[in-house]
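Contents: one structure, followed by commentary.
What follows is calculated from the coordinates using simple rules that are stated; it is not laboratory data. All of these numbers come straight from a predicted model, not from anything done at the bench. All Cβ positions, even for glycine, are placed from backbone atoms using ideal geometry, and neighbour counts span all protein chains on display.
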Amino acid sequence: MRRSRFAVFVISTLLATGTALTGAAAAQASQTAATGGYVALGDSYSSGVGAGSYIRSGGDCDRSTKAYPYLWAAAHSPSKFDFTACSGARTGDVLSGQLGPLSTATSLVSISVGGNDAGFADVMTTCVLQSDSSCLSRIKTAKAYVDSTLPKQLDTVYTAIRSKAPNAHVVVIGYPRFYKLGTTCVGLSGTKRSAINGAADYLDTAINKAAANHGFTYGDVRATFTGHELCSGSAWLHSLNLLSIGESYHPTAAGQSGGYLPVMNSAA
């Protein structure tokens, strides 16, 4: 059906107005978040492992000035910024060592956690060093853990966050897919790459569901990393790095600023 010029004008105007209002709402949300304290919790994907420029006082936690929480805080100047995310953290580590700064004055919290609980490092080690069948078997075990155990662990963490920071807007950040598929790539087989991507999706789905159960905002980074996976020719993730094993399969500085920060900006 052909639309009249007037109809097209009206639709265009409404769309433009909606976009403007959405932008205004996002800006207002960021301003609200910045009026109180911001606490960044979580694992290595939040601390910034792989991004370099580590804060000396952070010790083995490898907190980076190029990690998305630090970049967000620098851009929005919250009244207080506490960066407690730490490399290798599991849900139990968040509970025991990262929640101290949370209070009724906290207006924004971000967190990425769950990958280490599900055995991320062991999955990647198995898939890199062993056969396709061993890789698939280890991923099956990880998925079973995500089904049976991880939801309760996430629920415990999220409940504790809400209890200690009842007024905060909480942003739960997910994980990217690791590989671009359907292209020639030196290293892991196509079977392994596809299975690892599927495992990332499986984990993200579980985390998203747990976050929604608590009314938290979920930040999905898979779209922003699309086109920048390993084997893409423009990767925002480190591949296996024998000189710095800990940085392997973690976002680069570009992955933090181009993959994670835009999602945090939208979600906060």
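For the chain, averaging the sequence separation of C-alpha pairs within contact (under 8 Å, six or more residues apart) and dividing by the residue count gives a relative contact order of 21 percent. For residue 266 and residue 133, the difference between the fully extended length at 0.36 nm per residue and the C-alpha to C-alpha distance is 43.9 nm.
Can you pick out the pairs among 180/209; 140/192; 143/209; 143/180; 80/164 whose Cα atoms lie more than 18 Å from each other? Show your work: numbers first, answer last.
On the way: 180/209 25 Å; 140/192 12 Å; 143/209 15 Å; 143/180 21 Å; 80/164 16 Å.
Correct reply: 180/209; 143/180.
Dipole of the chain (Lys/Arg Cβ +1, Asp/Glu Cβ -1, origin at the Cα centre): which of 95, 73, 246 lies farthest to the positive side? About the Cα centre, the residue reaching furthest to the positive side is 73. Our summary gives the stretch 164-253 a relative contact order of 32 percent, counting only alpha carbon pairs under 8 angstrom and 6 or more residues apart. Would you please classify the overall shape of the stretch 99-255 from the alpha carbon gyration tensor, given that a ≥ b ≥ c denote the square roots of the eigenvalues, rounded means a/c under 1.5, and beyond that prolate means a/b larger than b/c while oblate covers the rest? Verdict is prolate for the stretch 99-255. Extending 7 Å from the Cα toward the beta-carbon at both residue 159 and residue 191 defines two label points whose distance is 4.2 nm.
Inter-label distance, residue 144 to residue 209: 1.8 nm, where each label sits 7 Å from its Cα along the C-beta direction. Per-residue Cβ neighbour counts within 10 Å put 93, 201 in the sequence 201, 93, beginning with the fewest. Spacing of the modelled spin labels on residue 75 and residue 103, each 7 Å from Cα toward Cβ, amounts to 2.8 nm.
Of the DSSP H helices in the chain, those that are both long (alpha-carbon extent of 15 Å or more along the helix axis) and hydrophobic (Kyte-Doolittle mean at least 0.5) are 5-35.
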